[in-house]
Every structure is written in structure tokens, then in C-alpha cells.
Amino acid sequence: MTFSVLRLWLLGLAVAACREPPRPPPTLSRTPPSEADITGAALAAIATAPWDADPTGWGTLCTPESPCDTLIVEPRIVLLPAQAPAFFVPASRDRAATLTPGMLALARVPGRRSVLGSWGQCSARRDAPRWSKARVACIALGVAGYDMARPDAMTFALLVATPARRLSWPRVRVTRPRESWRGRLLSNASE
């Protein structure tokens, strides 16, 4: 009986040895976005967020009663899954790109000053009694579904804290059909 088991085992080895070697994994034919692509698109996502007007009907992030004069933007743009979580902590996520003060100066959000700052420190102010009069917005950005992002198209999940809306989670699709980035608001849920 042991002789037939040995023969079967040897036959299995011989069949395995005659198989075609495993093929290398296919190489991706797409070019992932560069850090410059990500930062440029992120600035367009910030500008696209519904600060004062929202034609889509989800609601604005700022109101005349609770304006947002200053945008405090977390410098770390992070990687998020395609189904991005509503709340994320930038410091605990992998970095996709980093905004610098020079880059942030290019963010054109009319009537607002944009500065770099920590999401954690800014959003911690929400529990302070003077938050309702703060006139600031805290912003964290993540590339939603980086594995599907392209140098000319990507989706951003924003995490925004404002006195008017508390926490909001705008999603913005940003594309670059020619020389400049253009954003389109996909959704704007809030608490």
C-alpha cells in the first residue's frame, strides 16, 4: 500500500513540474497621479465646496449668520478607500501629498483667507463655547479611491467643520480637461 501512495505522490510531482511557470502579474497600464496633480486637484476641490452657495440643494457650509472668513487646511492630503469614511483622522492615514503655504495661496475661494493648520487642533475647537462665533472652517482632504485616480481625474473626500454646519462630508470629483482643474460637487452630507 505504501508503494502505491509513493507512486501517486511522484506522479503528482511530475505533473506539477510539467506545468507552465506562473505568469508575472500584469503591469498597470495607467499612470498614477503625481503629488503635483494631487495638490492641484485638491485646491480645486476646496474651491468647489459649497461655501456660500449650493445649487445642488445639500446646503452651504457657511451662512451669513455663521460666516467662514478663514479656511484652516490640514497640509496632509491622505489616501482613502473608494468608499471613503465620513470621518477620518489625517494623521492616522497614509499621505498622498502635502500642501505648502505657496500652493495654498493658489486656492481661490472668494472672500476667504486660506492657511495651513492641524485638523486635530482646529476641529478640537468645536466644543469650545466661542465656536459659534469663530468664523473659521477646518478642512481635511483625502483622495477617495487612489487606485482609480488618474493624473487628469480624481475624487476627493473633504472633512469640514464649520460653526454653521458642525461636521460635513463633501465629496468632489475633480477633472482637468485642459490646463486647469474643474470640480463638481457629488454630495454634501452633514451631522
Check: Limited to the stretch 55-68, what total is found for residues that are of a type outside the set (S, T, N, Q) and surrounded by 13 or more Cβ atoms within 10 Å (Cβ to Cβ)?
Finding: 6
Notebook entry, point to check: Does residue 84 satisfy the criteria of being out of contact with any Asp or Glu (no Cβ under 6 Å at 6 or more places or on another chain), surrounded by 16 or more Cβ atoms within 10 Å (Cβ to Cβ) and modelled with pLDDT of 90 or more?
Noted result: yes
Margin query: part of a strand (DSSP E or B) and surrounded by fewer than 20 Cβ atoms within 10 Å (Cβ to Cβ): is that true of residue 71 in this structure?
Written below: no
Notebook entry, point to check: Which of the residues spanning the stretch 150-191 are within 21 Å of residue 35 (Cβ to Cβ), open to solvent by 10 Å² or more (accessible area, probe 1.4 Å) and under 13 Å from the mean Cα position of the chain (by Cα)?
Noted result: 155, 173
Notebook entry, point to check: Within the stretch 144-176, can you find the residues that are under 13 Å from residue 44 (Cβ atoms) and either of a type in the set (A, V, I, L, M) or in a strand (DSSP E or B) (or both)?
Noted result: 153, 154, 155, 156, 158, 170, 172, 173, 174, 175
Item checked: Odd one out for residue 132, checked against (1) touching a residue at least 40 places away in the same chain (Cβ under 8 Å); (2) over 17 Å from residue 99 (Cβ atoms); (3) under 16 Å from the mean Cα position of the chain (by Cα) -> (3)
Note to self: Against the conditions (1) over 11 Å from the mean Cα position of the chain (by Cα); (2) modelled with pLDDT of 95 or more; (3) open to solvent by less than 20 Å² (accessible area, probe 1.4 Å), where does residue 123 fall short? Just the number, please.
What the structure shows: (2)
Check: Is it fair to say residue 107 is at pLDDT below 95, of a type in the set (A, V, I, L, M, F, W, C), open to solvent by less than 70 Å² (accessible area, probe 1.4 Å) and part of a loop (DSSP other than H, G, I, E, B)?
Finding: yes
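The values are calculated or read from the model by the stated rules, or taken from the named source; none is laboratory data. Computed from a predicted model, the values in this text were never measured in an experiment. Every residue, glycine among them, receives a Cβ derived from its backbone with ideal geometry; neighbour counts consider all protein chains shown. Ligands, DNA and RNA are excluded from the accessible area calculation, which covers all protein heavy atoms including side chains. Shrake-Rupley method; radii C 1.70, N 1.55, O 1.52, S 1.80 Å.
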